[in-house]
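Quick notes on the structure that follows.
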Amino acid sequence: NIMRTIADTLGMLPEPLKPRLLICVEGPNDVIFFKNISATIHATRNDLPNLSANDRVAIFPLGGGTLKDWVTHDYLSGLGITQFHIYDLDDVANPPYQPQVVAVRARGGQNWAELTVKRETENYLHPDCIQAVFGFPVAFGDMDDVPEIVASTQHNAASPNPWNTLDEIDKKKKMSNAKRRLNRDVTQQMTWAQIQAADPNGDVIRWLEAIRDRIV
């Protein structure tokens, strides 16, 4: 009921202020990632939207724990605005949000949903930029847990107690802090060349092109 009230309230915005496209992501860190990365890309590819400054789009964090409810009940449908969803892949064998991707695509029209090709947004960051922010080198693959790698490396460098001796609550807290800095600070370090190097298949560019085509 609270979600529907929020959606209904948003729908009361004057027509000129309503965006043409809602970009739905999992959480606040994803919002920051896409705003910062798109701003850097826009500086070189000005045909692609800068999501931090474009009033034709609004990025909406659905929340990992409530995302399935948002999609199942389509609380935002009353706004009459096209939706473009981007969720983390997380697991190649069993992507947790694959059913939601199918559901959004089934709505038809310009509504669409994508899964990241890599594990999550942090896997699209350049290792050199992570080192510039955190002060130590990192190496990771497309499906590695980057926040855990960064958090564990940072912890082991500062504490005599190894990472694997921590309880899950402490680990999650440190990983959450790392995730926030990765999306907030590391993304601001990324250059156009580093974005291309970290995303050689152009996944982010492809998403931004699809967003552009829905707001022109």
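The rows are residues; the columns are (1) farther than 21 Å from residue 49 by Cβ; (2) more than 19 Å from the chain's Cα centre (by Cα); (3) of a type in the set (Ser, Thr, Tyr).
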site: 126; (1), (2), (3): yes, no, no
site: 132; (1), (2), (3): yes, yes, no
site: 135; (1), (2), (3): yes, yes, no
site: 176; (1), (2), (3): yes, no, yes
site: 186; (1), (2), (3): yes, no, no
site: 204; (1), (2), (3): no, no, no
site: 208; (1), (2), (3): no, no, no
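Taking the criterion of being over 20 Å from residue 32 (Cβ atoms) and not basic (Lys, Arg), would at least one residue in the range 60-69 satisfy it?
Scanning the range 60-69, I find at least one residue that is over 20 Å from residue 32 (Cβ atoms) and not basic (Lys, Arg), so the answer is yes.
Condition test on residue 110, is it at pLDDT 95 or above, part of a strand (DSSP E or B) and farther than 26 Å from residue 176 by Cβ?
no
Failed condition for residue 147, given (1) touching a residue at least 60 places away in the same chain (Cβ under 8 Å); (2) assigned to a helix (DSSP H, G or I); (3) buried (at least 20 other Cβ atoms within 10 Å of the Cβ), with all others met?
Going through the list (1) touching a residue at least 60 places away in the same chain (Cβ under 8 Å); (2) assigned to a helix (DSSP H, G or I); (3) buried (at least 20 other Cβ atoms within 10 Å of the Cβ), residue 147 breaks only (1).
Of the conditions (1) surrounded by fewer than 21 Cβ atoms within 10 Å (Cβ to Cβ); (2) part of a strand (DSSP E or B), residue 59 clears all except one; give me its number.
Of (1) surrounded by fewer than 21 Cβ atoms within 10 Å (Cβ to Cβ); (2) part of a strand (DSSP E or B), only one is false for residue 59: (1).
Just to be sure I understand, how many residues within the range 157-216 are surrounded by 14 or more Cβ atoms within 10 Å (Cβ to Cβ) and of a type in the set (Phe, Trp, Tyr)?
2
Considering only residues that are over 21 Å from residue 202 (Cβ atoms) and open to solvent by 70 Å² or more (accessible area, probe 1.4 Å), which ones fall in the range 133-144?
If the condition is that a residue be over 21 Å from residue 202 (Cβ atoms) and open to solvent by 70 Å² or more (accessible area, probe 1.4 Å), then 137, 139 are the ones that fit.
Just the residues that are in contact (Cβ under 8 Å) with a residue 24 or more places away in the chain and touching a Ser or Thr at 6+ places or on another chain (Cβ under 9 Å), please, taken from the range 150-169. Break it down stepwise before answering.
First, pick out the residues of the range 150-169 that are in contact (Cβ under 8 Å) with a residue 24 or more places away in the chain: 150-151, 154.
Matches in the range 150-169: 151 only.
Of all residues in the range 29-56, which are in contact (Cβ under 8 Å) with a residue 12 or more places away in the chain and assigned to a loop (DSSP other than H, G, I, E, B)?
Passing the criteria: 45, 47, 48, 49, 50, 51, 52, 53, 54, 55, 56.
Hey, could you check the range 111-132 for residues that are in contact with a Leu (Cβ under 8 Å, 6 or more places away or on another chain) and within 30 Å of residue 21 (Cα to Cα) and say which is surrounded by the fewest Cβ atoms within 10 Å (Cβ to Cβ)?
Only one residue tops the list, namely 117.
Output the number of residues of the range 62-96 satisfying the condition of being open to solvent by less than 40 Å² (accessible area, probe 1.4 Å), at pLDDT below 90 and among the β-branched types (Val, Ile, Thr).
Final tally of qualifying residues: 0.
The values are calculated or read from the model by the stated rules, or taken from the named source; none is laboratory data. Every value quoted in this text rests on a predicted model; they were computed, and no experiment measured them. Every residue, glycine among them, receives a Cβ derived from its backbone with ideal geometry; neighbour counts consider all protein chains shown. Just so you know, the surface numbers come from the protein's heavy atoms only, side chains and all, with ligands and any DNA or RNA stripped out. Shrake-Rupley method; radii C 1.70, N 1.55, O 1.52, S 1.80 Å.
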